[in-house]
Structure formats: C-alpha cells, structure tokens
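Structure record follows, encoded as structure tokens.
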Amino acid sequence: MAEIETITLSFPSDLRYLDTMQNAAEAIARVAGFGDEGRLDVGLAVREGAINAMKHGNQLDPAVPVVIQPPVHRPTTGQSG
C-alpha cells in the first residue's frame with residue numbers, strides 16, 4: 001500500500017529559477033522511487049512545462065508564480081501507528 005503526500009512548490013515566473021525547479025522535481029522523483037533515468041525525465045518535463053508556463057501563460061511576469069504540486073506515492077513500511 002502506498003501513502004500519498006502532496007508537495008507544493010511555487011516559483012516566480014523568472015527563467016533564473018529553472019535549474020532550481022528541475023533539481024527539486026528530480027529530488028521529489030527520487031523520494032517517490034524513480035530510477036536515475038526516470039528522475040531525469042521528470043526533471044526535464046517539469047523544466048519544459050515551467051518554461052511554457054512562464055513565457056506563454058505568465059508573460060515572464062515574476063509576480064505571477066509557477067506552481068508545481070505533484071502527488072508523491074511513497075511505499076509504506078508496514079508499520080501501523
């Protein structure tokens with residue numbers, strides 16, 4: 001059985017945050033159990049989506065955030081509490 005957690009990350013629509021967003025997405029994917037290739041895929045997908053949101057949706061207005069809110073499915077350890 002997996003436990004589902006939701007993590008919310010919010011960044012200004014500023015291209016200087018792209019590396020941080022990608023790194024955060026890869027770290028979340030690692031916690032969720034993705035392998036090396038899968039983590040890189042998730043990070044790249046988040047980066048591409050963020051670029052589109054910043055440029056086309058938010059017109060690079062830093063006052064308008066890009067929000068990432070992935071559900072993270074974590075395996076439970078079998079402990080009940």
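With a 1.4 Å probe and every protein chain left in place, work out the accessible area per residue of the chain in Å², rounded to a whole number.
68
What is the distance in Å between the Cα centres of the stretch 1-36 and the stretch 41-73?
11
Taking the Cα atoms only, what angle lies between the long axis of helix 18-31 and the longest principal axis of the chain, rounded to 10 degrees?
10
When the accessible area of the chain is computed with all protein chains present and a 1.4 Å probe, what percentage of it is carbon and sulfur?
Of all accessible area on the chain, carbon and sulfur atoms account for 53 percent.
Dipole magnitude of the chain about its Cα centre, charges +1 at Lys/Arg Cβ and -1 at Asp/Glu Cβ only, in debye to the nearest 20?
80
Classify the chain as rounded, prolate or oblate, taking a ≥ b ≥ c as the square roots of the eigenvalues of its Cα gyration tensor: rounded when a/c is under 1.5, otherwise prolate if a/b is larger than b/c and oblate if not.
Cα axes put the chain in the prolate bin.
Which whole-Hz couplings ³J(HN,Hα) result when phi for each residue of the stretch 40-51 is put into the Karplus expression 6.51 cos²θ - 1.76 cosθ + 1.60, θ = phi - 60°, listed in order with x for Gly and Pro?
Values, residue by residue: 5, 4, 4, x, 5, 5, 5, 4, 5, x, 5, 4 Hz.
What number, rounded to the nearest 500 deg cm²/dmol, is the helix-based mean residue ellipticity at 222 nm of the chain, given -39500 (n - 2.57) per DSSP H run of at least four residues and division by all its residues?
-12500 deg cm²/dmol
The values are calculated or read from the model by the stated rules, or taken from the named source; none is laboratory data. Computed from a predicted structure; not experimentally measured. Quick reminder, even Gly has a Cβ in these numbers, built from the backbone with ideal geometry, and neighbours come from all protein chains shown. Protein only, heavy atoms only, side chains kept; ligands, DNA and RNA dropped before computing areas. Shrake-Rupley method; radii C 1.70, N 1.55, O 1.52, S 1.80 Å.
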